Amino acid sequence: MPDAIALEHAWKFYGDYAALRDLTLRVDAGSCCALLGRNGAGKTTLLRILAGLSPFQRGRVTVFGQSPNSEKAREQVGFLGHGIGVYEDLSARENLHFFARVAGIRNSNTIANDWLDRVGLARVAAMPVRQFSRGMRQRLALARTFLHTPGVLLLDEPFTSLDDRAITMLSDLLTEARQRGATIVFSTHQLREAFAIASHVALIENGRLCYTGERTPEMLDDPALLYRRYMDAGAA
Amino acid sequence: MPGVQTPGSSHVRPLPAMIGSVRQALSVARKDLAIELRTKESLNAAGAFAIAILLLLSFVFDVTSEETRNIAGGLLWLVFAFAGALVFNRGFARELPNECLDALLASPLSRASLLIGKAIANLAMLLVVEFVSLIVFGIFYDIRWWLHPGELAAAFVLATWGISVVGAVFGALTVNLRLRELMLPVIIYPLLIPLLIAAIEITNLLFSAQPSQADQLLWGRLLIVFDVVFTALALLLADTILIT
C-alpha cells in the first residue's frame, strides 16, 4: 500500500531544543494512525509539520509524495488544530462558504449548506459565531475541516472539550472518512477512543518514536499497555 | 477494504488554477471587508486619525496662502500613510483569534492569493479613508480637488495599491511580533518613500488648474513601476513570507 505520509529522520528544533529527534514514520494511505504520547512529546509539532505550518530543519517529510508546504499537498489536507479556525464576526454559513471558496470548490454555497445540515447548525446558520456555545463552535470547526473532502485528515486532540453529541459526530465523520479511503492522523490523550478508531498507533516520547505498529486487540482491552511497556519501562 | 483516497480523487472538483487563484484572493478580500463592516475597527481608527490630523493642521497653516496649496499633496499623503499603518496592522492580526491563520495556511488557499486578497481589502479600506479625508480637506483647506477627477482617482488607486501591497506583505511578516504595531510603520515607511514622493507630486499637479501632462506621466510611471515591482515580489515570495 502506498505511503500517504512519510517522515524520514525528521528533526525539528525550537532554538536549541529538539522537539522532534530523528523521527521516521510512515502512514499507509487509507489507514488511521493515533499519535500518542504525554504533554510536550512532540505530537502537535509533528502534526503542524505535516500540515505545512511549521518548517523542519533536517530529514524529509512528504504528504502523498509532495512537500507538506506545497499547494498540491495542502489540497489534500484537512487540519484541525487547537484553535477552531473560524471567524467570530462571521456567521456559520459565511465561515463555511468562505472556506469552501478558498478550497476552490465550485458549488460552495451548496456544500456549505450541506455541512451546516450535517453538523446540526442549519437552524443557527445566520448567527455570528461569537454567539455560539463551545459545542457549536467545535461542530462548525469539524465542518470546516471536512468541507473539501480531504484525502488526509490531521487532527490535534480532536476529542478534547467535545460534548457527547460532538464526540458521536466526530466518530461518525471519521468512520465515513475511512470508508471513502481517507488517511487520518490524530493525536489524543483519550486512549479508549483512540484505540476504538485507530488502525495504527504511534507512540512518541521526547520527540522520539518509541513504538509504531498496528493497533492490536490487547490494546483495546488494556489501553495503558503501550505506555507501561514502552515508556514507563524505559524510564525505569 | 475500502478504496484509498489519493490525490485527485476528492469528491469536489477544483477550479482551473488561474481562475481559482483570483477567486481565492477576492474571497479573502470579501471576507475581510465583511468583518470590517461589522466591527469597523480599522475604518474608525484610520478615519478618525486622518480627520483629526487634517483638522489640526488646518490651524497650523494659513489655508489661504499659495504655499499651503503647494504642500497639500504632502500633507494628504503623510496622513494617508500613517492612517494606512492602522489599517495594515489589523489585516493579519484579524487572523489570530481562534488560530484562523493556521486554518488558512493549512487550507488549499494559495499563499499568494492570501497576500493579494489582504492587499485588496487594504486598498478598499484605505480608499474609503482617503475619500472621506479629501472631502474634509476640501472644506478646511479651501482646495478644489475635483478639478481632474479621472486622473486623481487613477493616481490615488495606483498609489494606494502600492501602499496596500507593502502593508499586506509586512503585515504578514510582523503578525507574530510582540511589538507589531510599532514595528510595521518602522519597516514600511522607508520602503514607501519613492511611492510617496510620486503620489505627493502627482497630487499637487492635479490640484492645480492646468497640470503639466509630462510631469503627470513621469510620476504616474513611477507609481506603476512601484506597484508592478512590489506586487511581483509579493507573489513570488508569498510562500516564504507566510511560513509560520
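The values are calculated or read from the model by the stated rules, or taken from the named source; none is laboratory data. Since the model is a prediction, treat every value here as computed from it, not as a measurement. A quick note on method: Cβ atoms are made from the backbone with ideal geometry, for glycine too, and the neighbour counts reach across all protein chains shown. The area values use the complete protein model at the heavy-atom level, side chains included, leaving out ligands, DNA and RNA. Shrake-Rupley method; radii C 1.70, N 1.55, O 1.52, S 1.80 Å.
Worth a mention:
- Inter-residue pairs, beta-carbon under 6 Å, first free of Cβ contacts under 8 Å to residues at least 40 places away in the same chain and in segment A:140-160, second among the hydroxyl-bearing types (Ser, Thr, Tyr) and open to solvent by 10 Å² or more (accessible area, probe 1.4 Å), 6+ apart: A:Thr149/B:Ser10
- Counting only residues that are assigned to a helix (DSSP H, G or I), more than 11 Å from chain B (Cβ to nearest Cβ) and open to solvent by less than 10 Å² (accessible area, probe 1.4 Å), segment A:172-204 holds 4 of them.
- On the stretch given as segment A:93-122, residues that are in a loop (DSSP other than H, G, I, E, B) and either closer than 23 Å to A:Thr44 by Cβ or in contact with a His (Cβ under 7 Å, 6 or more places away or on another chain) (or both) total 1.
- Residue pairs meeting the criteria (Cβ under 9 Å; at least 6 apart or on separate chains; first over 12 Å from A:Arg139 (Cα atoms) and at pLDDT 85 or above, in segment A:164-176; second among the β-branched types (Val, Ile, Thr) and open to solvent by less than 30 Å² (accessible area, probe 1.4 Å)): A:Leu174/A:Ile184
- When B:Pro14 is tested against (1) more than 7 Å from chain A (Cβ to nearest Cβ); (2) under 27 Å from B:Ile120 (Cβ atoms); (3) surrounded by fewer than 17 Cβ atoms within 10 Å (Cβ to Cβ); (4) at pLDDT below 90, only condition (1) is not met.
- When residues of segment A:64-92 are limited to those that are over 16 Å from the mean Cα position of the chain (by Cα) and in a strand (DSSP E or B), the one farthest from A:Met136 (Cα to Cα): A:Gln66
- Of all residues in segment A:115-131, those satisfying the criterion of being within 11 Å of chain B (Cβ to nearest Cβ) and either open to solvent by 70 Å² or more (accessible area, probe 1.4 Å) or over 23 Å from the mean Cα position of the chain (by Cα) (or both) are A:Pro128, A:Arg130.
- Flag for A:Asn95 being open to solvent by 50 Å² or more (accessible area, probe 1.4 Å) and under 28 Å from B:Ala112 (Cα atoms): no
- Lone unmet requirement of (1) within 30 Å of B:Gln216 (Cα to Cα); (2) of a type in the set (A, V, I, L, M, F, W, C); (3) within 17 Å of the chain's Cα centre (by Cα); (4) more than 14 Å from chain A (Cβ to nearest Cβ) for B:Ile116: (4)
- Qualifying residue in segment A:177-198 (condition: hydroxyl-bearing (Ser, Thr, Tyr) and more than 20 Å from A:Thr45 (Cβ to Cβ)): no
- A:Arg38 being of a type outside the set (S, T, N, Q), more than 7 Å from every other protein chain (Cβ to nearest Cβ), part of a strand (DSSP E or B) and open to solvent by 10 Å² or more (accessible area, probe 1.4 Å): no
- Residue that is farthest from the other protein chains (Cβ to nearest Cβ) [pool: residues in segment A:54-63 that are closer than 20 Å to A:Asp156 by Cβ and in a loop (DSSP other than H, G, I, E, B)]: A:Phe56
- Of the residues A:Ala51, A:Ala19, A:Ala29, the single one that is closer than 18 Å to A:Asn206 by Cα and either open to solvent by less than 10 Å² (accessible area, probe 1.4 Å) or of a type in the set (D, E, K, R) (or both) is A:Ala19.
- Where helices (runs of 4 or more DSSP H) fall entirely within segment B:46-141, those with at least 3 residues that are in contact with a helix residue (DSSP H, G or I) (Cβ under 9 Å, 6 or more places away or on another chain), buried (at least 17 other Cβ atoms within 10 Å of the Cβ) and small (Gly, Ala, Ser) are at B:72-93, B:111-141.
- Scanning segment A:76-94 for residues that are closer than 20 Å to A:Phe186 by Cβ and either in contact with a Ser or Thr (Cβ under 9 Å, 6 or more places away or on another chain) or modelled with pLDDT under 90 (or both) yields a count of 8.
- Of all residues in segment A:178-198, those that are closer than 17 Å to A:Leu142 by Cα have Cβ atoms under 6 Å from Cβ atoms of residues that are open to solvent by 30 Å² or more (accessible area, probe 1.4 Å), 6 or more apart or on another chain, in A:Ser187/A:Glu157; A:Thr188/A:Glu157.
- With respect to (1) within 14 Å of another protein chain (Cβ to nearest Cβ); (2) in a helix (DSSP H, G or I), the lone exception for B:Gln216 is condition (1).
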